[in-house]
Amino acid sequence: MIGVIGVVVLGVGTLLQKKSIIETYIDESVQGLDVGSAVKFRGVLVGKVEQITLTSAEYSTRRRYVLVRAGLTSTMFQDALPDAGGPGFAAEISKGLRVRLAAQGLTGTAYLEVDYLDPARHPPLAIDWEPIYPYVPSGQSRITQLAEAVERILRNIEEINLQKLTQGIEKSLSTLIKVAEGANLEKLGREANVLLAEMRETNRQVKDLVGGSDLKNAVHDAAAAAATARQILERVDKPLTQLVAELPKTSEGINRLVQRLDSVAADLPETGMQLRQTLVRLNRLLAGQQGDIEKTVQNLRAVSENMKEITDNSRKYPSQVLFGAPPPPSKVMER
């Protein structure tokens, strides 16, 4: 008697619980899901399945979705679903609130799992009717996702033309074999050995020439000649510079002399006038050649600098003085 009273009390308590009915549409098999199956949110029981049917049985549509309606207990799930018709419910849907089928162990039974999924990967199904109850979009179950992935892999494997791939590999191997057989490797090896021998001989000759006494003597003589030329230019440069510096003074002295001659020109004979004319011409000649003398000194300085550069290069790169440009490449490989 006490047991019967307990069952009645529990049943009455269940009936008195407030429920929020929602519905969802599933585009896959719901094998194992029955009326009374659990509805869980991340493993926590929040309701039960109330009705399972096709959408065409409830709405005027040609879409063959499975219609599942569930009753959610407000005391168990207090976030947005108790007020399933309010604006907060739509916000949760946009955040990714979804319902999907989940397997319960190995018994073959299933339940509805409510969770937040990626909205981009789980968009709502297209519908052409107005739902009676608040609509929660569904997502693909893990079993369906796994099956589709395996199917895509198998389909890609089927599309691989193994025979054509094998034939291509065989053709590539045949081509490589023909190229290897056609190439005269022995001849190439002999020519390479000849080239190496020539390079060794050329290297030895250059080494002997650079290390020989003739090149050292030539470099020493060139350096001595350059030093002598530089000394000569330095000796010439100083007197010429002094001469150019004294030209204005000489010109002034000549002018003063001419002025003095002018003062006594009336008393001088004809020969004095000729001397005066000669001095004037000499003054003009010195004044006209002053620029040419300065250019000559500058040219001598440039020659001295060039000789110094040649001497420095002969010390740093003695082979360049003797050989100039490098020898032409060997023509062995052209054969």
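All of the numbers you see were taken from the coordinates with simple rules; none came from a lab. On a predicted model such as this, the values are computed, not experimentally measured, just so you know. With ideal geometry, Cβ positions are generated from the backbone for all residues, glycine too; neighbour counts draw on all protein chains shown.
Treating the Cα atoms of segment 15-150 as identical point scatterers in vacuum, please give the log10 of the normalised Debye intensity I(q)/I(0) at q = 0.11, 0.21 Å⁻¹, two decimals.
Rounded to two decimals, the profile gives -0.37, -1.45.
Chymotrypsin sites (Phe, Trp or Tyr not before Pro) within segment 86-167: which are DSSP loop residues with at most 15 other Cβ atoms inside 10 Å?
Here the sparse-neighbourhood loop sites are Trp129.
From the phi of every residue in segment 144-157, what ³J(HN,Hα) in whole Hz does the Karplus formula 6.51 cos²θ - 1.76 cosθ + 1.60 yield, where θ is phi - 60° and glycine or proline is x?
In residue order, the calculated couplings are 5, 4, 5, 5, 5, 5, 5, 5, 5, 5, 5, 5, 5, 5 Hz.
Can you work out the Karplus-derived ³J(HN,Hα) for every residue in segment 114-127? Use 6.51 cos²θ - 1.76 cosθ + 1.60 with θ = phi - 60°, whole Hz, and x for glycine or proline.
9, 7, 9, 10, 5, x, 5, 8, 10, x, x, 5, 6, 10
Distance in nm between label sites at Arg142 and Thr250, each 7 Å beyond Cα in the beta-carbon direction?
11.4 nm
Hey, what's the per residue convex hull volume over the C-alpha atoms of segment 104-178, in cubic angstrom?
Spread over its residues, the Cα hull of segment 104-178 gives 212 Å³ apiece.
Report the full-extension gain for the segment Lys164 to Asp292: residue separation times 0.36 nm, less the Cα-Cα distance, to one decimal in nm. Kindly include the intermediate steps, with their values, before the conclusion.
On the way: separation 128, 0.36 × 128 = 46.08 nm, distance 9.00 nm.
Fully extending the segment from Lys164 to Asp292 adds 37.1 nm.
Please give the peptides 24-37, 149-162 ranked by average Cβ packing (other Cβ atoms within 10 Å per residue), highest first, as a rough proxy for protection.
The peptides rank, most packed first, as 24-37, 149-162.
Between their Cα atoms, which of Lys207/Lys316; Lys18/Lys40; Lys19/Lys40; Lys19/Lys48; Lys40/Lys95; Lys295/Lys316 are more than 21 Å away from each other?
Violating the 21 Å limit, Cα to Cα: Lys295/Lys316.
Among Tyr135, Ser37, Leu117, whose Cα sits farthest toward the positive end of the charge dipole of segment 15-150 (+1 at Cβ of Lys/Arg, -1 at Cβ of Asp/Glu, about the Cα centre)?
Ser37
For each of Arg100, Arg260, count neighbouring Cβ atoms within 10 Å of the residue's Cβ, then give the residues from fewest to most.
On the way: Arg100 22, Arg260 11.
The most exposed by this proxy come first: Arg260, Arg100.
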